[in-house]
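Please read the structure below before turning to the comments.
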């Protein structure tokens, strides 16, 4: 797990320096195309090195726990706890540390922050490395619960997009609430036989409704 975090963080730093740093200040579409191209390159490299077959990992926490008359996989409960802990850690970093203060200042006015002596370019690289490391951590935690393949990133990106739109960009609370909504909708959709084939569709129906009623998301901040 620590190796996955370190490798993902290092790759994130390289991608930020070689790709994103060249497109900062340009249209969001250019940044989107750049990062999507990188994801395709990495996915292709993974297929070349490890093959296209899906792989499974034995759960490090086997067994089940009975709660309220229902049986839950022990590792599923661990993942829920880990998600809460990681989310709390990110919140504490953003609002209780100097690094978090600089990150929020860079979002608000990077030029002013740079004038105070903070190396904003290095800060961007650091933030992207942290994000990539968290992605590696998340992947290593989720891997034992499902088959792992080169297309796992696409599945995650689709749900992450929906969560961001529903919860609102720039809000940790919005991300948490959006993730809870998406998870509950998919879970209930899969449990009910009649809605099983359309479980994912309900997520995008909700996302569309949020965009119509509140385009910035449930907890998103209005653009200044």
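Looking at residue 107 and the list (1) surrounded by fewer than 13 Cβ atoms within 10 Å (Cβ to Cβ); (2) within 22 Å of the chain's Cα centre (by Cα); (3) modelled with pLDDT of 90 or more, which single condition is not satisfied?
It is condition (3) that residue 107 fails.
Would you say residue 102 is surrounded by 14 or more Cβ atoms within 10 Å (Cβ to Cβ) and within 25 Å of residue 176 (Cα to Cα)? Step through it out loud before you land on a result.
Working: surrounded by 14 or more Cβ atoms within 10 Å (Cβ to Cβ): yes; within 25 Å of residue 176 (Cα to Cα): yes.
The answer is yes for residue 102.
Would you say residue 200 is outside any helix (DSSP H, G or I), outside the structural domain of residue 134 (by TED's automatic domain parsing) and either farther than 29 Å from residue 108 by Cβ or at pLDDT 90 or above (or both)?
It is false that residue 200 is outside any helix (DSSP H, G or I), outside the structural domain of residue 134 (by TED's automatic domain parsing) and either farther than 29 Å from residue 108 by Cβ or at pLDDT 90 or above (or both).
Considering only residues that are farther than 21 Å from residue 19 by Cα and either without any contact (Cβ under 8 Å) to a residue 24 or more places away in the chain or not in a helix (DSSP H, G or I) (or both), which ones fall in region 94-110?
First pass over region 94-110, keeping only residues farther than 21 Å from residue 19 by Cα: 94-102, 104-105, 108-109.
Hits for region 94-110 are 95, 96, 97, 98, 100, 101, 102, 104, 105, 108, 109.
Just one of 39, 76 is part of a helix (DSSP H, G or I) and closer than 16 Å to residue 131 by Cα; which is it? Explain how you work it out, then say what you get.
Working: 76 fails: closer than 16 Å to residue 131 by Cα.
None of the others qualify; the one that does is 39.
Given the conditions (1) in contact (Cβ under 8 Å) with a residue 60 or more places away in the chain; (2) part of a loop (DSSP other than H, G, I, E, B), report the number of the one that residue 117 does not fulfil.
Going through the list (1) in contact (Cβ under 8 Å) with a residue 60 or more places away in the chain; (2) part of a loop (DSSP other than H, G, I, E, B), residue 117 breaks only (1).
The values are calculated or read from the model by the stated rules, or taken from the named source; none is laboratory data. From a predicted model like this one, the values you see are computed outputs, not experimental measurements. Cβ atoms come from the backbone with ideal geometry, glycine included; neighbour counts cover every protein chain shown.
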